[in-house]
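Report on one structure; see the data block that follows.
All of the numbers you see were taken from the coordinates with simple rules; none came from a lab. What you see is a predicted model; the values in this text were computed from it and never measured. Here Cβ is always computed from backbone atoms with ideal geometry, including for glycine, and neighbour counts include all displayed protein chains.
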Amino acid sequence: MSAQVNMATTEVLRVDTLCKSFGGVDAVDNVSFTVQQSELLALIGPNGAGKTTCFNMLNGQLKPDRGTVSLMGENITGWDPRRVWRRGVGRTFQITATYSSMTVAENVQMALIARHRKTFSLFSRATRLYVTEALTLLELVGMQSQAQRSAGILAYGDLKRLELAIALAHDPVLLLMDEPTAGMAPGERAELMELTAGIVAERGLSVLFTEHDMDVVFGHADRIMVLNRGQLIAQGDADTIRNDKQVQDVYLGGGSMFAAEGSDHA
């Protein structure tokens, strides 16, 4: 069954009063929000704010102490990661995870094989499965010309594009992107997020991403949420967040969010 969103549905994810504590410290404290269809939503905050903990509860790596996570109206709270993935939640990580010994195309083919639950006896057979579909996804992320290159020799920015193609191979309704531009040059960051925004618009995909580069956040997010010490302290469009006094205090002690153009403030 395809994981594509019913076009009549606007709310893809609903998070209600999510809580997680470690040793008496509230890593995530009564966090509630929604993600809409075709929305590029940023979750920002200083180190230790609870962003990764929140992500890990959304895709099943951690079970919340309290609260609920609903995808397309279905309660998925406490599901294991594979079941959440099957339901339509993809994820990319701060550190890329690809098979360096395989070609670019083979990496995507393996993701497609997993999605369709195909089995194979020899790797030579696996390389013949879903070739056209893999090339289509690589074209979508601008990597088709490198399809036969070894993933182990790719530049870091190209690895990020490959990881995006692998995530899209599952045809997710929601994509969680954890620091998608980490380690990339400024020009590469802008290109990757422009590519992501285009895919969001074209496919009706919803994306929730964490990011430390404020230029990336303010330049591309439809809406921004700010976590601090496990609590959601603000959410809204770029102007709302930029001018929020509490957010300014968290980041720069009351200064402007754009005090230094092109700098990382989180």
Taking every other residue with Cβ under 12 Å from the Cβ of Ala201 and scoring Lys and Arg +1, Asp and Glu -1, one gets -3
Protection-proxy order for peptides 82-92, 205-215, each taking the mean of Cβ atoms within 10 Å per residue, highest first: 205-215, 82-92
Mean residue ellipticity (222 nm) of the chain, computed from DSSP H runs ≥ 4 via -39,500 (n - 2.57), nearest 500: -10000 deg cm²/dmol
May I ask you to list the residues of segment 182-213 whose amide nitrogen lies under 18 Å from a point 7 Å from Cα along the Cα→beta-carbon direction of Thr10? 201, 204-207
What is the sum of charges, Lys and Arg at +1 and Asp and Glu at -1, for the other residues whose Cβ falls under 12 Å from the Cβ of Leu71? +2
Give me the net charge for the shell around Ala27: Cβ to Cβ below 12 angstrom, other residues only, Lys and Arg +1, Asp and Glu -1. 0
If you count, for each residue, the other Cβ atoms within 10 Å and average over each peptide, how do 137-143, 22-28 line up from highest to lowest? 137-143, 22-28
Amide hydrogen neighbours beyond the local backbone of Thr92, cut-off 5 Å, H modeled: Leu176, Met177, Asp178
